[in-house]
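Please read the structure below before turning to the comments.
The values are calculated or read from the model by the stated rules, or taken from the named source; none is laboratory data. For clarity, every value in this text was computed on a predicted model and none was experimentally measured. All Cβ positions, glycine included, derive from the backbone under ideal geometry; neighbour counts span all protein chains shown. Please note that ligands, DNA and RNA were not included when accessible areas were found on the heavy atoms of the full protein model with its side chains. Shrake-Rupley method; radii C 1.70, N 1.55, O 1.52, S 1.80 Å.
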Amino acid sequence: MITDVEILNEFAHHEPGVARINNGSFGSCPASIIAAQKQWQLLVLRQPDEFYFNHLQPGLLSSRRVVQALINASDVDEVSLVDNATTAAAIVLQKVSWAFSEGVYSRGDAVIMLHYAYSAVKKSIQAYVSRAGGHVIEVPLPFPVSSNHEIIDEFRKALSLGKSEGRRVRLAVIDHITSMPSVVIPVKELTKICREEGVDQVFVDAAHAIGNVDVDVQDIGADFYTSNLHKWYFCPPSVAFLHCRKSPVSDDMHHPVVSSEYGKGLALESAWIGARDYSSQLVVPQVIDFIKRFNGGIEGIQRRNHKKVVETGKMLAESWGTCLGSPPEMSSSMVMVGLPCCLRIFSDEDALKLRRHLRDNHRIEVPIYCKAPRDVELGREWSNLVTGYARISHQVYNVADDYYRFRDVINRLVDDGFHCGMLS
């Protein structure tokens, strides 16, 4: 099994002195995988023709087979490798856009997404669906949240709204783990509800999922499922997979970058979008070897990360007199921790300024989220409301001092009378 010293060596390229408690945004890649990636890159540079004709497609197929086993896909042809979950969303939404423009869907038919959907996915829905005539409905999710029932109830209300006035709900876009705020969503239950309510298709945006929570695409039952391998699965940036359950619709899915492979199926189209660096997609088998060095493999890593981040989140909340944004069972390797009210995090701009202040002045890297008060809270004093949350992550390279440092810096800022209004 890998030792603590070996883990330190694998991530020794991380900038020294930075409390890096934001694995969720960009992930982390160990030195041994960076070395494996470099070998693939050198293979291209030594003899490009031999690489592209003899090595690229077999290598990508090996990576796709690894992903197939990881997510329990029924067929390797259901798995395509793409740059990131944003690309996967474009592929799915492009198909929806075509259905509107070709008259398969009627103008005003609905697409449902969660209010906390990732901003790039929201923009993609605007670009592909709204412009094509689709009616977009956002599911207003509660936060802080205490149970899956709260999410399910709001989702059912949104479905009823989507089906009103004779509309059809053509697509539901559901996060597996929302980004900001970070909450594990009951995707299996919501997918089941979609089937019962006659929703045509379900797309699960699971950018944070693989390596963070268990993923079984057959058990979840969605039509499309995507996740980044560079966030929580130790791959170099950037690589993701898109799983398309076999159906007449999935047979006509296409990569938005059209190449000579157009019409040969999405997996092959995605495997050749012109001369580029495919190395991050080719090292997936080597990543499996890295993960096997840990007790319990990826399941063991997930369990330990979850346990540590929940313990740490509770420690921070106790120190600051706040609370977690969701119960442990609705958290992954990330958890939302309330920040002291006196920091006056009243807007997204305040959250961004505080994040920058922590990075530039205290070498702490952590995302900050602003939770505007609900209508029922507006009558209360702002000074008594938790309006800011930190999203902390835990990955194998993190140590306890990373979080103690964050705790102590926030406590010093509070003691000094600091608030976000003081930041330019």
Q. If the chain between residue 168 and residue 11 were fully stretched, how many nm would it gain, using 0.36 nm times the residue separation less the Cα-Cα distance?
A. 51.6 nm
Q.
Would segment 126-267 count as rounded, prolate or oblate if I go by the C-alpha gyration tensor, calling it rounded below 1.5 in a/c and otherwise prolate when a/b exceeds b/c, oblate otherwise?
A. oblate
Q | Span per principal axis, largest first, for the Cα atoms of the chain (Å) | A | 63, 60, 39
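Based on the alpha-carbon gyration tensor of segment 176-250 and its eigenvalue square roots a ≥ b ≥ c, which shape applies: rounded if a/c is under 1.5, prolate if not and a/b is larger than b/c, or oblate? Could the numbers behind the result be given before it?
Numbers: a/c = 2.41, a/b = 1.48, b/c = 1.62.
Cα axes put segment 176-250 in the oblate bin.
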Q: For the chain, with a Gaussian network of springs between Cα atoms less than 10 Å apart, report the residue from 47, 94, 126 with the top mean-square fluctuation.
A: 47
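Test of understanding: what is the full-extension gain from residue 196 to residue 119, defined as 0.36 nm times their sequence separation minus their Cα-Cα distance? Let's see the in-between values first.
Values: separation 77, 0.36 × 77 = 27.72 nm, distance 2.84 nm.
That works out to 24.9 nm of additional length.
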Q) Separation of segment 395-424 and segment 234-288 by C-alpha centroid, Å? A) 41
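Hey, any idea what the orientation-averaged projected area of the convex hull of segment 1-115's Cα atoms comes to, in nm²?
Details: hull surface 51.7 nm².
Mean projected area for segment 1-115: 12.9 nm², to one decimal.
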Q: Return the long-range amide H neighbours of residue 213 (sequence gap of 5 or more, or a different chain), with a cut-off of under 5 Å between placed amide H atoms.
A: none
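Counting only heavy atoms of protein chains, what accessible area per residue, in Å², does the chain have with a probe of 1.4 Å?
Working: 18360 Å² over 424 residues.
So the chain comes to 43 Å² accessible per residue, rounded to a whole number.
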Q.
Need the C-alpha centroid separation for segment 36-76 versus segment 148-173, integer Å.
A. 40
Q) Local charge sum around residue 423 (other residues, Cβ-Cβ under 15 Å, Lys/Arg +1, Asp/Glu -1)? A) 0
Q.
What whole-number distance in Å separates the alpha-carbon centres of segment 78-94 and segment 104-129?
A. 15
Q. For the chain, what's the relative contact order in percent, using C-alpha pairs closer than 8 Å and at least 6 residues apart?
A. 20
(Q) How would segment 114-185 be classified by its alpha-carbon gyration tensor: rounded, prolate or oblate, with rounded meaning a/c under 1.5 and the a/b versus b/c comparison settling the rest? (A) oblate
Q. Ignoring any ligand, DNA or RNA, what whole percent of the accessible area of segment 36-117 comes from carbon and sulfur when the probe is 1.4 angstrom?
A. 50
Q: Quote to one decimal, in nm, the extra length available between residue 157 and residue 136 on full extension: 0.36 nm per residue of separation minus the C-alpha distance between them.
A: 6.1 nm
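Accessible area of segment 275-384 with a 1.4 Å probe: how many percent of it is carbon plus sulfur?
49
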Q: Among 350, 109, 408, determine the one that fluctuates most according to a GNM of the chain built with springs between C-alpha atoms less than 10 Å apart.
A: 408
(Q) Given a 10 angstrom Cα cut-off, can you work out which residue in 113, 334, 315 is the most mobile in a GNM of the chain? (A) 315
Q: Determine the equivalent ellipsoid of segment 209-346 by diagonalising the alpha-carbon gyration tensor, then write out the semi-axes as square roots of 5 times the eigenvalues, largest first, rounded to whole Å.
A: 37, 19, 16
Q: With a bin width of 10 angstrom, please list the P(r) values of segment 55-174 as percents of all Cα-Cα pairs, from the 0 bin to the one holding the largest distance.
A: 12, 33, 30, 20, 4, 0
